[in-house]
Amino acid sequence: MSKKISLTRYLVEQQRVDGLIPGQLRLLLEVVARACKRISFEVNKGALGGVLGSAGSENVQGEVQKKLDIIANEVLIEANEWGGHLAAMASEEMEGIYVVPNRYPQGEYLLLFDPLDGSSNIDVNVSIGTIFSVLLKPHDHPGVTTEDFLQPGAKQVAAGYCIYGPQTILALTVGDGVAMFTLDREQGSFVLTDENVRIPEDTKEFSINMSNLRHWDPSIRRYIDECLAGEEGPRGKNFNMRWIASMVADIHRILSRGGVFLYPWDKREPNKPGKLRLLYEANPMGWLIEQAGGAASNGHQRILDVEPTALHQRVSVIMGSKNEVDRVAQYYAEAETAG
Ligand code: P6P
């Protein structure tokens, strides 16, 4: 029977070995994991816990909030505000930043999260998840402001997600590859189940919402049409398609077996670069994908190099198997050259 390595032991050993995880960051990650465990238990109650359905309110994005959106957000705030490792938090569910109250010690980290991604799937029992990103607060001034959060994804010091599916699995990177931990419900702890996640550079599986086809940029249309043309077409191979409408679930599949995920700009909202949020969806997922050997682009540049200008700004997302992401970027470049 192989020895079970808990998340705590993994983080302690990573801290001891390579110093990538200072004590305060290790504490923060353990608190986030405990909050995700609590969210998992709430999600699993479903109708029995009275947690399904709409909360009768809208979030800053103008989206109807589900009861579990609000529960998950509150769990993360309450779990993280007293520990002394954070200066402030930002959430998809809150318009402004949440500064740690004065009654608690202030730390040096900033925590950003989408507390429950894929909310439209909650009421139909399809996988959903929590996405989180950790930044260091700039040290050049006292206090903390919204501008402190506006750092490119390349500045993250930790990123991960917790997927609430048939298993509850935490995926994590601190810049030394991607590790995955499965929740052992009998012990109530996360156990290391994959410590070297790798994405194949090639794939035969793409992930996009096909109902938006008529709205896409021509470069996206060209890429998908070639996938659909199969082995008779220019790609010379047949493709499969998956779309779960939960970014966490689609990205988890890609980290587990390869693939390419696309949520590109489309002409339904021409003034918005895309649907997904840069700071607490695309950046953490983009770093995980890169750390597993994949690529993450907005079609024109590396997602982690995008300079943020607003807390809830959106971005076009193409991420997964490197050769497919590069091909889409090549099509955008060819279109720009052709003018
Ligand atoms: P659509 C969930 O609402 C989300 O933000 C992502 O998790 C998911 O990939 C996407 O939106 C689904 O969008 O337009 O297919 O419903």
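Here's a check for you: in the stretch 70-124, which residue that is assigned to a helix (DSSP H, G or I), closer than 15 Å to CYS162 by Cβ and touching a Pro at 6+ places or on another chain (Cβ under 9 Å) is modelled with the lowest pLDDT? Out of the qualifying residues, it is ILE71.
Taken together, the criteria place ASN209 among residues that are surrounded by fewer than 22 Cβ atoms within 10 Å (Cβ to Cβ) and within 15 Å of the ligand (Cβ to nearest atom).
Applying the condition of being touching a Leu at 6+ places or on another chain (Cβ under 9 Å) and β-branched (Val, Ile, Thr) to the stretch 71-112 and asking which residue is surrounded by the most Cβ atoms within 10 Å (Cβ to Cβ) yields VAL100. Screening ALA310, ALA296, ALA335 for residues that are part of a helix (DSSP H, G or I) and either more than 27 Å from GLY96 (Cα to Cα) or in contact (Cβ under 8 Å) with a residue 24 or more places away in the chain (or both) leaves exactly one candidate, ALA335. Considering every residue within the stretch 264-284, establish whether at least one is over 19 Å from GLN61 (Cβ atoms), within 14 Å of the ligand (Cβ to nearest atom) and either at pLDDT below 95 or surrounded by 21 or more Cβ atoms within 10 Å (Cβ to Cβ) (or both). Within the stretch 264-284, none of the residues are over 19 Å from GLN61 (Cβ atoms), within 14 Å of the ligand (Cβ to nearest atom) and either at pLDDT below 95 or surrounded by 21 or more Cβ atoms within 10 Å (Cβ to Cβ) (or both). Condition first: within 13 Å of the ligand (Cβ to nearest atom), crowded, with 17+ Cβ neighbours inside 10 Å and within 23 Å of ILE163 (Cα to Cα). Can you find one or more residues in the stretch 229-245 that meet it? Yes: one or more hits. Identify all residues within the stretch 79-130 that are free of Cβ contacts under 8 Å to residues at least 24 places away in the same chain and under 30 Å from ASP250 (Cβ atoms); write none if there are none. The answer is TYR98, VAL124.
The values are calculated or read from the model by the stated rules, or taken from the named source; none is laboratory data. Note that the structure is a prediction, hence the values are computed from the model and not measured. Note that each Cβ is placed from the backbone with ideal geometry, even for glycine, and that neighbours are counted across all protein chains shown.
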